[in-house]
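Before any comments, here is the structure.
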Amino acid sequence: MVRALVGVVMGSDSDYEAMEPCLKYLEQLGIPWEITVASAHRSPQRAEEYARRAKARGLRVIVAGAGGAAHLAGVLASRTTLPVIGVPLIAGQLGGLDALLSTAQMPAGVPVATMAIGAAGAANAAVLAAEILALADAKLSRRLEEFKHALVAGVVKKAKAVANRAKSRSTGRRGRA
Ligand code: RP5
């Protein structure tokens, strides 16, 4: 069995779907992960224990996704020297702004690298975790380079598609005249 390097923790099982992009990107980049649920409010001891044992278990980065009054990433960060990446999720009535502020506004000395709200944030948590791990992993660093090249290629493809659409639009207009 491959030992997980990234621990993904969610405040609730209801966060699973929102955090799936994180798992997808970790897999794409070839990074072994594990996932669990621990709530800063409903099970603070479980959250604390997870963070306290994470490094000794071989984890190198923790990703924490939570919605609402999202204190999970901060609580985990208070109990470990591993980098903690927080993903604010949409839960309840405030569209994730509550989770964004709760995750980002940490006191000095206890950093949480806070991502964008929702799917983009979940994906970026995986990419940032990869960038941290790649500092000591040349193969992963190359995979990240490829990943970034693929992003550029995707934009070039979109630019061509848009140019073609615009071209057919102006050709059509000329045809009508
Ligand atoms: C947060 O409250 C969780 O991270 C979740 O986003 C939200 C709602 O949790 P459930 O009531 O669905 O368990 O702690």
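None of the figures in this text is laboratory data; all of them are computed from the coordinates on show. None of these values were measured; they are calculated from a predicted model. So basically every Cβ, Gly included, is an ideal-geometry build from the backbone, and we count neighbours across all protein chains shown.
Note the angle between two axes, namely the Cα long axis of helix 138-176 and the longest principal axis of the Cα atoms of the chain, as a number of degrees from 0 to 90, rounded to the nearest 10.
Orientation of helix 138-176: about 30 degrees from the principal axis.
So what are the radius of gyration and Dmax for the Cα set of the chain, in Å?
When restricted to Cα atoms, the chain yields Rg and Dmax of 19.7, 73 Å.
Divide by every residue of the chain the summed helix terms, -39500 (n - 2.57) for each DSSP H run of at least 4, and state the resulting mean residue ellipticity at 222 nm, rounded to the nearest 500 deg cm²/dmol. Each step should come with its number before you reach the end.
On the way: 6 runs with 94 residues, N = 177.
When only DSSP H runs of four or more count, the value is -17500 deg cm²/dmol.
Taking the chain as the reference, fit the longest principal axis to its C-alpha atoms, fit the long axis of helix 44-54 to the helix C-alpha atoms, and give the angle between the two in degrees, 0 to 90, nearest 10.
Its long axis makes an angle of about 80 degrees.
What is the sum of charges around ARG46, taking Lys and Arg as +1, Asp and Glu as -1, for the other residues whose C-beta is under 12 Å from the C-beta of ARG46? Don't jump to the answer; show the numbers that get you there.
On the way: positive: ARG42, ARG52, ARG53, ARG79; negative: GLU48, GLU49.
Net local charge, ARG46 excluded: +2.
Under the classification rounded if a/c is under 1.5, otherwise prolate if a/b is larger than b/c and oblate if not, where does the stretch 65-133 fall, given a ≥ b ≥ c as square roots of the Cα gyration tensor eigenvalues?
Values: a/c = 2.37, a/b = 1.23, b/c = 1.92.
Oblate, since a/c reaches 1.5 and b/c is not below a/b.
Given the Cα-Cα distance of THR171 and GLU27 and 0.36 nm per residue of separation, how much length would full extension add, in nm? Mind showing how you got there, number by number?
Details: separation 144, 0.36 × 144 = 51.84 nm, distance 4.40 nm.
Contour length minus Cα-Cα distance gives 47.4 nm.
Taking a cut-off of 14 Å between Cα atoms, list the aspartates and glutamates near LYS55, but don't count ones fewer than 8 places away on the same chain.
GLU34
Cross-link candidates for LYS167: which lysines have Cα within less than 20 Å, leaving aside residues fewer than 8 places away along the same chain?
Result set, ordered by chain and number: LYS157, LYS158.
So which lysines pass the test for LYS24, namely a Cα distance under 21 Å, with those fewer than 8 places away in the same chain ruled out?
Partners within reach: LYS139, LYS148.
Is the C-alpha gyration tensor of the stretch 96-177 telling us rounded, prolate or oblate? Criteria: a/c under 1.5 is rounded; beyond that, a/b larger than b/c is prolate, otherwise oblate. List each step's numbers first, then the result.
Details: a/c = 5.81, a/b = 1.84, b/c = 3.16.
Taking the square roots of the gyration eigenvalues as a ≥ b ≥ c, the stretch 96-177 is oblate.
How do MET1, MET106 rank when sorted from fewest to most other Cβ atoms within 10 Å of their own Cβ? Please list the in-between numbers first.
On the way: MET1 4, MET106 18.
Ranked by crowding around the Cβ, least crowded first: MET1, MET106.
Ranking LEU97, LEU72 by Cβ neighbours within 10 Å, fewest first, what do you get?
So the residues, fewest neighbours to most, are LEU97, LEU72.
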